[in-house]
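The values are calculated or read from the model by the stated rules, or taken from the named source; none is laboratory data. All values reported here derive from a predicted model rather than from experimental measurement. Please note: Cβ atoms are built from the backbone with ideal geometry, for glycine as well, and neighbour counts cover all protein chains shown.
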Amino acid sequence: MEYKNTSYHCTPRQGFLPLCIASYLPIDDPVFEFDHLMEAIGLRKYLPVQSHCSAGRIGYNPVILLKLVLFGFMQGYCSLRSLEKACRTDLRFIYLSGGQAPSYHTFENFINKVMANCIEDIFNAVNAEIFEEDHVDLTHLYIDGTKMEANANKYSWVWKKTAIKSRYHLYEKITSLLKEINQNLATEQATIETSTEYTPDYLEEQLEALERFWELDEKEFVHGPGHRKTPQQRMCEKLKKYTDKLKEYGERIRICGPNRNSYSKTDPSAIVNDKNNFI
């Protein structure tokens, strides 16, 4: 009877070939194109010549440090500690560094003392190489409607669909508030008509009527901790808050108009008085 040993005496931590880091990366990985572009530029001529001292450890190659910093920022590593960690764990950074792992302090000194003096020349050289290699035409400018975040962040955008949806939710809150007010007015034989939709003018009229009926003066309203508001004051303040919010939603929809789906609050060209845009 023939016995076959099918067990494999190895562990995942055992060394094996190949030793080339590039063989573990996809052939279309951006790091290869990035490395090719950096080599074509000739980064050494933009970096200052460093004098070698006899004492201490040998410094890192400035070309390698520059590649790591630029590729790290291209991948979104804004933290130098994250960049240091990537040089130890990310195969793309290990490929660029040749197995070296500079510390975050090394990157900080390189950026402040070396890159700060030559980054503009390197930026121009990178652009020139891209324009020459990819035949980029700089004589024409094309606008495709892409929203660019310049003076504001992504939270400055106003979306028309969101404003419409929020306004309908506000209608429901206004109806609930008016029903609460009607319960308070039941003993006085008075009522406010409710509907599925409201206008700011209608709510302002009802607010003025309530203040006259309850003999309330907004200037005498109490505020802050330690003051107890009356139910009438709370309901009037809430109604005024809903009225202002309804105006805000209506203004957003008006600015978008029938042909726009969004706009930025920091874009003055978008905020125009267009009489053809109705709420």
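Quick look at the numbers
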read-out: Tabulated pairs, the stretch 251-279, first assigned to a strand (DSSP E or B), second at pLDDT below 65 and surrounded by 12 or more Cβ atoms within 10 Å (Cβ to Cβ), C-beta under 7 angstrom, 6+ apart or interchain; value: TYR263/ALA270; SER264/ALA152; SER264/ALA270
read-out: Residue match in the stretch 95-108 (condition: within 20 Å of VAL126 (Cα to Cα), at pLDDT below 90, surrounded by 15 or more Cβ atoms within 10 Å (Cβ to Cβ) and within 30 Å of the chain's Cα centre (by Cα)); value: no
read-out: Matching entry among TYR202, TYR198 (being assigned to a helix (DSSP H, G or I) and closer than 30 Å to THR162 by Cβ); value: TYR202
read-out: Evaluation of ALA125 against (1) assigned by TED's automatic domain parsing to the domain that holds LYS240; (2) small (Gly, Ala, Ser); (3) modelled with pLDDT of 85 or more (one fails), failing number; value: (1)
read-out: Check on GLY72, among the small types (Gly, Ala, Ser), within 23 Å of ILE130 (Cβ to Cβ), surrounded by 14 or more Cβ atoms within 10 Å (Cβ to Cβ) and in the same structural domain as GLU129 (by TED's automatic domain parsing); value: yes
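Each row is one residue, and each column tells you yes or no for (1) assigned to a helix (DSSP H, G or I); (2) free of Cβ contacts under 8 Å to residues at least 40 places away in the same chain; (3) closer than 18 Å to ASP244 by Cβ; (4) touching a Gly at 6+ places or on another chain (Cβ under 6 Å).
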{"site": "TYR171", "(1), (2), (3), (4)": "yes, yes, yes, no"}
{"site": "LEU177", "(1), (2), (3), (4)": "yes, no, yes, no"}
{"site": "ASN182", "(1), (2), (3), (4)": "yes, yes, no, no"}
{"site": "LEU185", "(1), (2), (3), (4)": "yes, yes, no, no"}
{"site": "LEU210", "(1), (2), (3), (4)": "yes, yes, yes, no"}
